[in-house]
Every structure is written in C-alpha cells, then in structure tokens.
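J.: Got a structure for you, questions after.
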Amino acid sequence: MRLKTGSLSNGITRRCFLKVSAIWAGGAWIVGVPALSANPYRVLTDQEAEIMDALADCIIPPGDFYGGKDALVTRFIDRQIGPYGHLQKEKEMYQTCLSALNRGSKAEFGRNFVDLFEEQKIVYLTDIEGGKYNHQSNERGWGRFSPSAFFNTVRNHCMMGFYGSPDHGGNKDYVSYRMLGLF
C-alpha cells in the first residue's frame, strides 16, 4: 500500500498521530501520579492540626497581627517534627499529647478542646501548665509525657514558629517582624 507523503495508511497525518500519541502518553503519566491529599500536613492528622491551631491561638492570640494559627505556627511544627525537621524526636510527644489534651478537655468540660470557649481553654491550659493533671497523665492517655512539660514544649515551639524565618513554615508574611517594627 502506497502512502501519501506525510500520512499513514488510514489517512491520518504524522502530525496528527504525534499529537494524539503525546496526549495519551501525558494522560498515562497523570494517572500514575498519586492524588493530592486534602491534609496539607506531613505528620499531623487533620484533627491533631485543628487542636494544635487552637492551642497556638491560645499561646499567641490574634489581635492587631496574626495569632498562632494564622501565622502558620502549626505548619512550622508539623514540618519540624517531620522526617527532615529539627524536632523529629518530638513527633511521638505531639501525636500522643494532642490526643490526650483533647480527651482531658472532654473529661473536664464535656467538649473537644477546639469547641471550648476561649476562657475555658485558658483555664484548662493554665491548669496543665501548673501541673494539675501531671498525676493523672497515664489515666488520660498522656503516656510517658508530663502534661506540663508538653505545654512548655509547645509554647517554646510556637514561639519558634512565630518569630523564626518564614522559610521554616511559620511566621506567615513576616508577621512577627512587622509586629516588632523590623519591616
């Protein structure tokens, strides 16, 4: 069978064949790519991140500038406790203690931590910081971690995320630098 110059045996041009082949090859590649997760965090679950956001806003409350949540302190912590972060050794503590914090909130107030009124959150966190629940840590799921030590660690990490370089995931829009008049 004789072909016309530039066409295949069924009348399709080489140019058309190449276009269709490229589309199919691209489609096959896209099918092989895993779907993007709705959870933007590397380590924390959606629930843990929600609890951490509420905790960050209690430690760094919003006002004229972003609070802890809007400054992306949770993202900073998540990145730092992840595989290549500087706080990898704290991963287990965060996963255990954020759940324990929520269980304790339900036991004390009958509600999830994120659903408490701001005043209740502050009272609860003040009690945790003061060591009120340290003797109940095993009963409430804190495991080998002290509730007051967890609070102190979280407070320090929130400050690191708020005042550190945005390159590390927190301090969105250089909020702390602007707050301090550095920008």
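J.: Could you please rank 77, 122, placing first whichever residue has the fewest other Cβ atoms within 10 Å of its Cβ?
T.: 122, 77
J.: Fewest to most neighbouring Cβ within 10 Å: what's the order for 16, 58?
T.: Numbers: 16 13, 58 22.
Starting with the residue having the fewest Cβ neighbours, the order is 16, 58.
J.: Turning to a different aspect of this structure: Can you give the local net charge around residue 72? Use residues other than it whose beta-carbon is closer than 15 angstrom to its beta-carbon, Lys and Arg +1, Asp and Glu -1.
T.: Residues near residue 72 contribute -1 overall.
J.: What ranking do 157, 168 get, fewest neighbouring Cβ atoms within 10 angstrom at the top?
T.: The order, fewest Cβ neighbours first, is 168, 157.
J.: Another question, then. Under 19 Å Cα to Cα from residue 89, which aspartates and glutamates show up? Leave out anything in the same chain fewer than 8 places away.
T.: 48, 78
J.: How large is the dipole of the stretch 46-179 about the Cα centre if only Lys and Arg carry +1 and Asp and Glu carry -1, each at its Cβ, rounded to the nearest 20 debye? Present the calculation step by step, with values, prior to reporting the outcome.
T.: Numbers: 15 positive and 19 negative charges, 75 e Å.
Dipole of the stretch 46-179, to the nearest 20 debye: 360 debye.
J.: Could you please state, rounded to a whole Å, how far the C-alpha centre of the stretch 140-175 is from the C-alpha centre of the stretch 57-77?
T.: Result: 10 Å between the Cα centres.
J.: Given contacts defined as C-alpha pairs under 8 Å and at least six residues apart, what's the relative contact order of the stretch 41-177, whole-number percent?
T.: Working: 177 pairs, mean separation 40.3, N = 137.
Reported relative contact order: 29 percent.
J.: In addition: When a/c is below 1.5 the answer is rounded, else prolate if a/b is larger than b/c, else oblate, so apply that to the stretch 46-179 with a ≥ b ≥ c taken from the square roots of the Cα gyration tensor eigenvalues.
T.: Cα axes put the stretch 46-179 in the oblate bin.
Bear in mind that the values in this text are calculations on the coordinates, not laboratory data. Since we're looking at a predicted model, the values are computed, not measured. Glycine also receives a Cβ, built like all others from the backbone with ideal geometry; neighbour counts cover every protein chain displayed.
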